[in-house]
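Written out below as structure tokens is the structure these notes cover.
The values are calculated or read from the model by the stated rules, or taken from the named source; none is laboratory data. Bear in mind that the values here come from a model prediction, so they are computed numbers and not experimental data. Using ideal geometry, Cβ is built from the backbone for each residue, glycine included, and neighbour counts are taken over all protein chains shown.
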Amino acid sequence: MKKNKRLKIPVWPIIRFEVIPLLIKAYLSQYWSWWGRYEIKFIKKFLDIHNAKYASVTVSGTMALEAALYALGIKSGDEVIVPAYTWISTATCVAKIGAVPVFVDVDPDTYCISPEKIEEAITDKTKCIIPVHLYSSMADMESIIEIAQKYNLKVIEDCAHAHGAIYKNKPAGTIADIGAFSFQQSKLLTSGEGGICITNNYDIAKKIDRFIHIGCSIYSKSHEKDYIMPYNKCNINEFQAAILSNQCDYLLKETIKREQNAVYLENLLKDIEVIKPQKASNGTERRSFYNFAFTVDIGKLKQPVSVHNLIHDLNEEGLPAQNGYGALVYNYILWNVDKNLYIKKDDTGAKKISDEIITFPHTLLLADKKTIRAAAQIIKKVVTKYL
Ligand SMILES: Cc1ncc(COP(=O)(O)O)c(C=O)c1O
């Protein structure tokens, strides 16, 4: 990507020197392992932000999803409904425990799993749904919970993009049985790598905790250990927790800035008819804006042109545009190994998004207004060239 001096896009994660004394304190404490001072502090802050009761911190969002499936009793042979448009972890965690991911289409406006299509995909083997709150929208949780109750299914919210988002007065991650978040480098809260599960159910919380801490749970009153299962040992350490704890103090302020800048950018792009920004689903009250995303009506542009031409030109102008996940999750090489490993339903919406999507990292929305205006000008210039 070319450098463009007009674009002052912050580098993520933002460096805050106030974290250094925390890291030194953690180091000097000579306690670096699980449930140390900073981890407990971070858990408390994260639970307060998300208005939830229990949390377990782990090494990645992928591991958080796996812990969640384990805690809900999902087993080999069960079917788990996942969106056709998402990051591979939403599906690989299912396959890893021997269950079958069932890929269901997404809404072409919100990019989140379509509740009507979920209902069509339910069989007597279906045990769980994993909706993803993708980029900046929340899945239609009201309908999904209704379906789950009707068919007695568990629901895990994949909140890898939704730290601090709010849906119908409820924070992301607290609407279903479990919310699983990621703290990987690009995420809205990050310690380089990491993840967390939150829940309001005591029994589920204990199971998640045991999965992560080789049979131990902070939520087990007597602190009795359970060594019966071959659990994992995938907790974070005090240095990661100190960084995350500090980042919690900035999440709300940063989220508000991202939301305001997203509205500003959308308005600046309004007159380009071929651009259709990702919509928030009904009930989304605060958008996290992990990515700013839109689709371009390629059919209305001079042919032949693909979204990759546009992304190439945007990159040449210094804008960090990307093609979302690049491919549909079941088209990755992993899912081509054995077609019996997964079930694919209709994917019209997911295909359209995949062919037409352009995404920008959330750091663009942390820039000043001048940079947002410059970005809008570049997008206009690039797209109108092909009209
Ligand atoms: C939607 C989604 N789910 C899960 C994950 C997995 O998170 P991690 O990379 O921390 O394992 C990601 C990571 O990008 C993601 O985007």
Scan the stretch 137-153 for residues that are in contact with a helix residue (DSSP H, G or I) (Cβ under 7 Å, 6 or more places away or on another chain) and not β-branched (Val, Ile, Thr) and jot them down. ASP140, SER143
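Per-residue answers, yes or no, for (1) charged (D, E, K, R); (2) touching an Asp or Glu at 6+ places or on another chain (Cβ under 9 Å):
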residue	(1), (2)
LEU265	no, no
ILE275	no, yes
THR284	no, no
PHE292	no, yes
LYS302	yes, no
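Quick grid of which residues meet (1) assigned by TED's automatic domain parsing to the domain that holds PHE292; (2) more than 30 Å from PRO361 (Cα to Cα); (3) among the polar types (S, T, N, Q):
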residue: LYS127; (1), (2), (3): no, yes, no
residue: VAL132; (1), (2), (3): no, no, no
residue: GLU142; (1), (2), (3): no, no, no
residue: LYS150; (1), (2), (3): no, yes, no
residue: LYS154; (1), (2), (3): no, yes, no
residue: CYS159; (1), (2), (3): no, no, no
residue: ILE166; (1), (2), (3): no, no, no
residue: ASN169; (1), (2), (3): no, no, yes
residue: ALA172; (1), (2), (3): no, no, no
The stretch 365-381 residues that are under 19 Å from GLU316 (Cα atoms), paired with ones that are among the hydroxyl-bearing types (Ser, Thr, Tyr) (beta carbon under 6 Å, 6 or more apart): ILE372/TYR264
Output for the stretch 342-372, where each listed residue is touching a Pro at 6+ places or on another chain (Cβ under 7 Å) and among the polar types (S, T, N, Q): THR363
When the stretch 225-269 is examined, which residues are found to be free of Cβ contacts under 8 Å to residues at least 12 places away in the same chain and part of a loop (DSSP other than H, G, I, E, B)? LYS225, PRO230
Report yes if some residue within the stretch 95-111 is assigned to a helix (DSSP H, G or I) and in contact with a helix residue (DSSP H, G or I) (Cβ under 9 Å, 6 or more places away or on another chain); otherwise report no. yes
Residue identified as within 24 Å of the chain's Cα centre (by Cα) and on the phi > 0 side of the Ramachandran plot among GLY349, GLY324, GLY318: GLY324
Are any of the residues in the stretch 192-200 hydrophobic (A, V, I, L, M, F, W, C), touching a Gly at 6+ places or on another chain (Cβ under 8 Å) and within 19 Å of THR110 (Cβ to Cβ)? no
